[in-house]
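The values are calculated or read from the model by the stated rules, or taken from the named source; none is laboratory data. Computed from a predicted structure; not experimentally measured. Cβ coordinates were reconstructed from backbone atoms using ideal geometry, including for glycine residues, and neighbour counts include every protein chain displayed. Keep in mind that these areas ignore ligands, DNA and RNA; they rest on the heavy atoms of the full protein, side chains included. Shrake-Rupley method; radii C 1.70, N 1.55, O 1.52, S 1.80 Å.
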Amino acid sequence: MSDVLTLEQVCITDGGQTVIEADCTIAPGDVLTIMGPSGVGKSTLLAFVTGTLKRAFTATGRVLLDGADITALPPHRRQVGILYQDDILFPHMSVGQNLAFGMAPGGTRAERRAAVSAALAEIGLEGFAHRDPATLSGGQAARVQLLRVLLSQPRALLLDEAFSRLDTERRTQIRRLVFDMARDRDLPVLMVTHDAEDAKAAGGRIITLGD
Amino acid sequence: MLRHLPLLTLVVMIGPVLAGLWGALLPALGHLPGAGLTGPSFDAFRTLLAWPGLEQALRLSVTTGVLATALSLLIVVLVTAGWSGTRAFGALQRVLAPILSVPHAAAAFGLAFLIAPSGWLARLTSPWLTGWARPPDLLVIQDPAGLAMTAGLVTKEVPFLLLMTLAALGQVRQDQRLQTARTLGYDRVTGWLKCVFPAVYRQIRLPVYVVLAYSMSVVDVAMILGPTRPPSLSVQIVKWMGDPDLAMRLVAAAGALLQLVLVLLALGLWRLGEVGVARLGRNWLETGRRGRLDPALRLVGIGLGALSAAATLLALLGLAVWSAAGFWAFPDALPDAFTMRNWHRHGPGTLEAAAETFLVAGAATGLALVLVLGCLEAEHRSGRTLTTRGLWLLYLPLLVPQTAFLPGLQILLLSVGADVGRGPVILAHLVFVLPYVFLSLGDAWRAWDPRNAVVAGTLGAPPWRVFWQVRLPMLLRPILTAVAVGVAVSVGQYLPTLLIGGGRVATLTTEAVALASGGDRRAIGVYGLMQTLAALLPFALATLLPALVWRNRRGLHV
């Protein structure tokens, strides 16, 4: 599946004041980076794309996925995945249950478990299905989160400062893994960051805000 | 459906209060068709004003209420100012939940056993210190000034206000404020009073008002520790309500309205007091005084805090000892022998009452939980947070004295032909359980990281799945704590059970308070202890269950 993510004349305001504007298209497998310091509205833009913008904001414009307008759809029907900088693995579920939560329904229990195990093996975490998420290292947690998003079969991927809490060595590894896997699946990626190195590593277009 | 829940909750919570006030207003003006009276007439008010004990009853309500509130607040302020963040404060925090869950009536009985002329304190100091070989003829409990009643209220209101203060401290960045004050040369207590207290008080103002309204109109504590001739206005209202002469219901209704006016006046006066204290405080701020009395104030604070906690714990111990006491002569510190005879004798009765208690508490708390979870989820989905006005509405059932609207509610229920009994009692308990469940769960619910919902949503989970599979399990601990709070509130309800149950719903609390006049300490010990256990058990479960369920989930350990 190859989709194009389009933000068409998006303008988000807060009490009449413009917070952020965007008008861009991201091709399948490409990464668009929006750079800027905290408070310029980067995460607000991602909230608009995921359909979770707070009531305090007013937004105009459209989000299109392969030409289809998804602006009015609820978050669970948009097929847009997101990765945050913090570990947002559900702490009451095992690693395997976290992954199964993201998978589309269907199949027997055994088939789903097998799919989870195979996916974990793909990212070098074989045998981690029963682990407590709180016992994972930062790098392992980041990989499980990525896997969970990919297993939900998104049509676009958003990265909200996704690498900023990782140490330098892991950061490079995880960044490469994310970009490679997104490219392999032809996912358009919209990344917001304040880190120039992340932007450079993405290798795509960079829009800088709030200088 | 979900978006209608906040309105339904409001109706369930405020409806009975307004209906009860309306139900008091009509009979107070002489309209009680059930008794063949159609009014309008001011006879009820004339009878009320002619009651010889009125002046003393009013004075008692105001003095005990204001004194108990002021003392409780003072103790909480001194303890928090002098000790928050220390090991001693931590120890106090640990005993807070169990102390808080002790029902008012049980604490009052225990305190009576402690301070009565034949109580534990007298026994421990006799005859070597006091010279008493027999209990002295002193009016220590049920004293005309209501001092014992005030003490009973203080021991229960201190933990409540302390809990509210602890919740407020998290929102006012106490550490930063205090650190800044200390680097400017202020000692701990003065620095806290000048820099933290104003912000904390803004947060705990409504709970303080609740304490004032409650203390002025409490019935069970007043029946156990308060004077009898005349009793406080609230106790007298209950007496009039129970009078076989139906015409006395009119006087009770008039008394209920007078109680409401009295509480409103006291709240107004307290507000004026706040303005005055704030002005004095601002002047004090400008003096730049660093506080020379701080070390002494710290000692007074921890002394009073420990005394308050110890009184409740000793009171419970007293109930336990009396419940198993054999022959116990004065001035022996302990009974000659411990026996299970009292438990064999009263055990079956307490079990029946316990079953009724849990039935009512379980139903009221279950309903409250459904409504509160629905409201909080609606708040989350709509993005509309609770406004200050909304918070006032939440506190309204706790600010209107029970004795002001419950008599009216009973009269109204009877006059429309509705049956009194368990069902209406559950709904009446719901009025008081709901705000506490809401307040207990609200902060934890809102503090939950909303990114969990965003992630779950982007993974394809619809809102109902996010609610059931992500949010509820992650918030199991605060939900169970809120349930425990709800059960404890319900277990402690005396007046709604008595009036709306028409005397036909016998819970541990109504049975225990009924024993007050008989003075059988062993029976009171058994019932008081059972009442406390009924309130404590859910707290124990709320601690144990999540630890058990999430034993392999380190991210959910506290």
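What does a probe at residue A:4 reach in the stretch A:184-211, counting residues whose amide N is under 12 Å from the point 7 Å along Cα→Cβ? None, by backbone N distance to the label point.
Here the accessible area is traced with a 1.4 Å probe on the protein chains. For the stretch A:5-208, carbon and sulfur cover 46 percent of it.
Surface composition of the stretch B:397-521: carbon plus sulfur atoms contribute 62% of the solvent-accessible area (1.4 Å probe, protein chains only, all chains present).
Using C-alpha pairs below 8 Å separated by at least 6 residues, the relative contact order for chain A is 33 percent. At a threshold of 10 Å², the residues of the stretch A:35-53 that become less accessible to a 1.4 Å probe in the full protein assembly than in their chain on its own are A:50, A:52. Where the centroid of each part is defined by its Cα atoms, how far is the stretch B:390-405 from the stretch B:184-229 in Å? Rounded to whole Å, the Cα centres lie 17 Å apart.
From the alpha carbon centroid of the stretch B:348-374 to that of the stretch A:1-59 is 49 Å. Across every pair of non-identical alpha carbons in the stretch B:176-322, the mean reciprocal distance, once inverted, gives a Kirkwood radius of 19.2 Å. Using only the Cα atoms of the stretch A:5-208, construct the convex hull and provide its projected area averaged over every direction, in square nanometres to one decimal. So the Cα hull casts an average projection of 11.4 nm².
Kindly identify residues of the stretch A:84-117 having a loss of at least 10 Å² in accessible area between the isolated chain and the assembly of all protein chains, probe radius 1.4 Å. Those residues are A:84, A:86, A:88, A:90, A:91, A:92, A:93, A:94, A:101, A:102.
Summing Lys and Arg as +1 and Asp and Glu as -1 over all other residues whose Cβ lies under 12 Å from the Cβ of residue B:507 gives a net charge of -2. The dipole here belongs to the stretch B:400-558: it is taken about the Cα centre, uses +1 on the Cβ of Lys and Arg and -1 on the Cβ of Asp and Glu, and is about 620 debye. Look at the dipole of chain A built from charges on Cβ: of A:79, A:44, A:7, the Cα furthest out on the positive end belongs to A:79. Extension gain, residue B:245 to residue B:54: 0.36 nm times the residue separation minus the Cα-Cα distance gives 66.8 nm.
The 1.4 Å probe gives accessible areas that order B:308, A:43, largest first, as A:43, B:308. Chains A and B together bury roughly 2300 Å² of accessible area, counting both sides, with a 1.4 Å probe on protein heavy atoms only.
Span-like helix check, chain B: qualifying full DSSP H segments, with Cα axial length of 30 Å or more and mean Kyte-Doolittle of -0.5 or more, are B:5-28, B:54-83, B:147-169, B:247-287, B:294-323, B:341-382, B:422-447, B:521-549. Considering only the Cα atoms of the stretch B:1-124, their convex hull presents on average a projected area of 15.4 nm². Applying a DSSP loop filter and a limit of 15 other Cβ atoms within 10 Å to the trypsin sites (Lys or Arg not before Pro) in the stretch B:224-313 leaves B:289, B:290, B:292. Computed from label points 7 Å out along Cα-Cβ, the spacing between residue A:197 and residue A:122 is 2.8 nm. Rolling a 1.4 Å probe over the heavy atoms of the protein chains gives the stretch B:71-188 an accessible area of 44 Å² per residue. Between the residues B:120, B:109, A:56, the greatest Cα displacement towards the positive end of the dipole of the protein assembly as shown, with unit charges on the Cβ of Lys, Arg, Asp and Glu, is found for B:120. Summing Lys and Arg as +1 and Asp and Glu as -1 over all other residues whose Cβ lies under 15 Å from the Cβ of residue B:175 gives a net charge of +4. The Kirkwood hydrodynamic radius of chain B, based on inverse pair distances between different Cα atoms, is 25.0 Å.
Using a probe of 1.4 angstrom and keeping all protein chains present, the accessible surface of the stretch B:384-513 works out to 34 square angstrom per residue. Which residue, A:134, A:182, A:110, tops the fluctuation ranking in a GNM of chain A built on C-alpha contacts under 10 Å? Of the options given, A:110 has the highest mean-square fluctuation.
The stretch B:120-155 and the stretch B:425-499 have their alpha-carbon centroids 42 Å apart. The magnitude of the dipole of the stretch A:5-208, with charges of +1 and -1 set on the Cβ of Lys/Arg and Asp/Glu and taken from the Cα centre, is near 460 debye.
Computed from the Cβ-Cβ distance with R0 of 41 Å, the FRET efficiency linking residue A:115 to residue A:24 stands at 0.75. The P(r) of the stretch B:457-554 has a tail past 16 Å containing 68 percent of all C-alpha pairs.
Here chain B is treated with +1 on each Lys and Arg Cβ and -1 on each Asp and Glu Cβ, and its dipole about the Cα centre works out to around 1920 debye. For the stretch A:5-208, the solvent-accessible area of protein heavy atoms averages 45 Å² per residue (probe radius 1.4 Å; ligands and nucleic acids excluded).
Sorting A:117, B:517, B:440 by solvent-accessible area of protein heavy atoms yields B:517, A:117, B:440, largest first, with a 1.4 Å probe.
Take every Cα pair under 8 Å whose residues are at least 6 apart in sequence, average their separation, divide by the length of chain B, and the relative contact order is 25 percent.
The ratio of the alpha-carbon radius of gyration of the protein assembly as shown to the globular-protein estimate 2.2 N^0.38 Å is 1.13. Length gained on full extension, residue B:554 to residue B:334, computed as 0.36 nm times the residue gap minus the Cα-Cα distance: 74.6 nm.
Residues of the stretch B:459-480 whose accessible area (probe 1.4 Å, heavy atoms of protein chains only) drops by at least 30 Å² once all protein chains are present, relative to their chain alone: B:459, B:465, B:469, B:470, B:474.
Placing pseudo-labels 7 Å out from each Cα toward the beta carbon at residue B:468 and residue B:385 gives an inter-label distance of 3.0 nm. In terms of its Cα atoms, the stretch B:403-472 spans 56, 22, 15 Å along the principal axes, sorted from long to short. If R0 is taken as 45 Å, the Cβ-Cβ distance between residue B:449 and residue B:202 corresponds to a FRET efficiency of 0.95. Surface composition of the stretch B:132-193: carbon plus sulfur atoms contribute 57% of the solvent-accessible area (1.4 Å probe, protein chains only, all chains present).
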